[in-house]
Amino acid sequence: MDRLVIRGGKRIEGSVQVCGAKNAALPQIAASLLSAERLELTNVPEVSDVDTMLALMREFGVTATRGPGRMLVLDASAARNTQAPYDIVRRMRASILVLAPLLARFGSARVSMPGGCAIGARPIDLHLKALDALGAEVSMEGGYINARANGDGLRGGRVVLSSPSVGATETALMAAVLARGESEILNASRDPEICDLALCLTAMGARIEGAGTHRMLIQGVNALHQARHELITDRIEAGTYAIAAAITGGNLEILGAHLEHLGSVGAVLESAGAQLWPTDRGLMVVRSGPLQAIDVSTEPYPGFPTDLQAQFMALMTIAPGASVIRETVFESRFMHVPELGRLGANISLQGSTALVRGVERLHAAEVMATDLRASVCLVLAALVADGATTVHRIYHLDRGYESLDRKLVQCGADIQRVAG
């Protein structure tokens, strides 16, 4: 199993290119099941979560061909409605996203309960309630979700989400585009990845209004057609590199990043002592002065994203004073805390709140990644730790970051990937 050996003390400087958003790619790959015609996606990142989703799509008879320019050509003309197998679905929670397209196009679907990072229960009840509101009959049996649309298929309806879940919004949106009549999604997620999915579906012939707001209106169409769409860049990857610059006191231009996609992240980092400004190529991040300990709570977009909570905690471990970090999205997303403690961080937990008291310096140790974002937070902490830190189980890292170690090395980091 590969591991990273990181020698701290180097500033992150220069420029780095962010890839297409993994969290935009996965639902759009699933959306190819909605049409019998080709879907061409560009700017698709080469990460293992994408590979897992493509393996799942092949189970349904979808052909996927990679081309130049990070293009991915998906052809679901010969797709068949078969069972989504547990062996693939267990690896990644986003596999639940095939449920709505299969149901909308074929009238029924059978998908294993999903897996993914061990960061809490992450119930799928909002997905199932959304399908129920559009006329589906949904049941669970033997670890599988069974969904069926009786009669002439799904029908338009009102989907009211109790929380602005990204995944449930994606499920409702993909089901509604082929439902008969008008559908309304209330309390919809406003994340940039939702807007990007709506743009992709619109290119395929869907009729969608209100993407990026809490209320979306969808006029169902009979069929979707061939389309080409370029994915947005990954705001979580951009935020991670911004924190890498901040934690090392460096200066970094993040190519392809969009400050507006980061929501409150920019303001939080500036309060912590960094400076950020847009450039004609992306986003510049500089920290020349001291860090400041500040409090933050994770919230739905445009609030501070849960996917950057672990990385921000790494930053706060060396900020003088005390900071309070509240996790309001996932109940078990502090699994990185004991590993940061091995590096000398001073963090105490009480329920969904972490109290971080900044230390003068971190010290190298052997640490183990427990999930995708926890793995990269350990990399960030290791960048400023004395000595050589070894990060184990970095397959978590490869799920969502393309060549992160190589990119950081190009920006001055001392990182070696060790096979075995």
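Some points to look at:
- Matching residues, the stretch 259-299, being within 23 Å of TYR401 (Cα to Cα), out of contact with any strand residue (DSSP E or B) (no Cβ under 7 Å at 6 or more places or on another chain) and surrounded by fewer than 20 Cβ atoms within 10 Å (Cβ to Cβ): GLU260, PRO278, GLU299
- Of the residues in the stretch 56-65, at least one is within 21 Å of the chain's Cα centre (by Cα), of a type outside the set (S, T, N, Q) and farther than 29 Å from VAL367 by Cβ.
- Strands (runs of 3 or more DSSP E) (entirely within the stretch 273-383) containing at least 3 residues that are among the hydrophobic types (A, V, I, L, M, F, W, C): 282-286, 322-326, 353-357
- Looking only at the stretch 90-108, and only at residues there that are over 16 Å from GLY61 (Cα atoms) and hydrophobic (A, V, I, L, M, F, W, C), the one that is surrounded by the most Cβ atoms within 10 Å (Cβ to Cβ): ALA100
- Any hit, the stretch 192-204, residues being surrounded by fewer than 21 Cβ atoms within 10 Å (Cβ to Cβ) and not assigned by TED's automatic domain parsing to the domain that holds ALA100: no
- Residue-level analysis places ARG90 among those that are within 30 Å of MET368 (Cβ to Cβ) and either in contact with a strand residue (DSSP E or B) (Cβ under 9 Å, 6 or more places away or on another chain) or free of Cβ contacts under 8 Å to residues at least 24 places away in the same chain (or both).
- Any hit, the stretch 170-178, residues being within 18 Å of GLU260 (Cβ to Cβ) and either in the same structural domain as LEU72 (by TED's automatic domain parsing) or among the aromatic types (Phe, Trp, Tyr) (or both): no
The values are calculated or read from the model by the stated rules, or taken from the named source; none is laboratory data. Here the structure is a predicted model, which means the values were calculated and not measured. So basically every Cβ, Gly included, is an ideal-geometry build from the backbone, and we count neighbours across all protein chains shown.
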